[in-house]
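The values are calculated or read from the model by the stated rules, or taken from the named source; none is laboratory data. Small disclaimer: the values here were computed from a predicted structure and weren't measured. Please note: Cβ atoms are built from the backbone with ideal geometry, for glycine as well, and neighbour counts cover all protein chains shown.
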Amino acid sequence: MALYSGKVMDHFRNPRNVGVIEDADGIGEVGNPVCGDIMKIYLKIDGDIISDVKFETFGCGSAIASSSMATEMIKGRSISEALELTNKAVAEALDGLPAHKMHCSVLAEEAIKLALKDYYDKNGISYDESLFAGIGEDEE
């Protein structure tokens, strides 16, 4: 039995949306001090739509695959749809992750939410703070 699904391997070997958006509307960065994974998400937002998304991830294959899949799942979507993205949905879209790698999908969810929070903060847009409760608290 393979440890990783074909989708995980594909997104690891051929990651989508890798890079930096220099004039990003929102940036979110998270890290896991236990495993050393660091994930940074850049968003370009036009109106209410995420028109572009890029990522930089330093970490294992599962972290890279989770970043890639998560960016694919929110590109072209509304902000509210992106806020609904869960780590479980990312893992399911990858046809599963080993239990000890589920934290990688959590990082992807959190980085996206922090990028959206950054967008709100930069633009003085009010939001429900409970949407971001507990996110990014392991940093520093």
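Within the set Asp118, Asp52, the sole residue that is outside any helix (DSSP H, G or I) and either modelled with pLDDT under 95 or surrounded by fewer than 22 Cβ atoms within 10 Å (Cβ to Cβ) (or both) turns out to be Asp52.
Contact annotation: residue pairs with Cβ atoms under 9 Å, 6 or more positions apart or on different chains, pairing a residue in the range 1-24 that is among the small types (Gly, Ala, Ser) with a partner that is part of a loop (DSSP other than H, G, I, E, B), are Ser5/Leu94; Ser5/Asp95; Ser5/Gly96; Ser5/Leu97; Gly6/Asp95.
For the range 55-102, a residue qualifies if it is within 11 Å of the chain's Cα centre (by Cα), assigned to a helix (DSSP H, G or I) and of a type in the set (A, V, I, L, M), and the qualifying residues are Ala63, Ile64, Ala65, Met69, Ala70, Met73, Ile74, Ala82, Leu83, Val90.
Residues in the range 7-46 that are at pLDDT 95 or above, of a type in the set (Gly, Ala, Ser) and not in a strand (DSSP E or B): Gly19, Ala24. Screening the range 55-73 for residues that are within 11 Å of Ala111 (Cβ to Cβ) and in contact with a helix residue (DSSP H, G or I) (Cβ under 7 Å, 6 or more places away or on another chain) and picking the one that is surrounded by the fewest Cβ atoms within 10 Å (Cβ to Cβ) gives Thr57. Only residues that are within 19 Å of Asp121 (Cα to Cα) and either surrounded by 20 or more Cβ atoms within 10 Å (Cβ to Cβ) or out of contact with any strand residue (DSSP E or B) (no Cβ under 9 Å at 6 or more places or on another chain) (or both) were counted across the range 27-45, and they come to 7. Annotation note: Cβ proximity below 8 Å between a residue of the range 122-135 that is more than 23 Å from Thr86 (Cα to Cα) and a residue that is assigned to a loop (DSSP other than H, G, I, E, B) and not hydrophobic (A, V, I, L, M, F, W, C) (sequence gap 6+ or interchain) occurs for Lys122/Asp25; Asn123/Asp25.
For the residues Ala91, Ala24, the requirement of being closer than 23 Å to Gly134 by Cβ and buried (at least 18 other Cβ atoms within 10 Å of the Cβ) singles out Ala91.
Condition check ((1) under 21 Å from Asp118 (Cα atoms); (2) polar (S, T, N, Q)) across all residues:
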residue: Asn17; (1), (2): yes, yes
residue: Pro33; (1), (2): no, no
residue: Gly36; (1), (2): no, no
residue: Ile41; (1), (2): yes, no
residue: Asp46; (1), (2): yes, no
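The set of residues from the range 72-109 being β-branched (Val, Ile, Thr) and more than 14 Å from Val30 (Cβ to Cβ) comprises Ile74, Ile79, Thr86.
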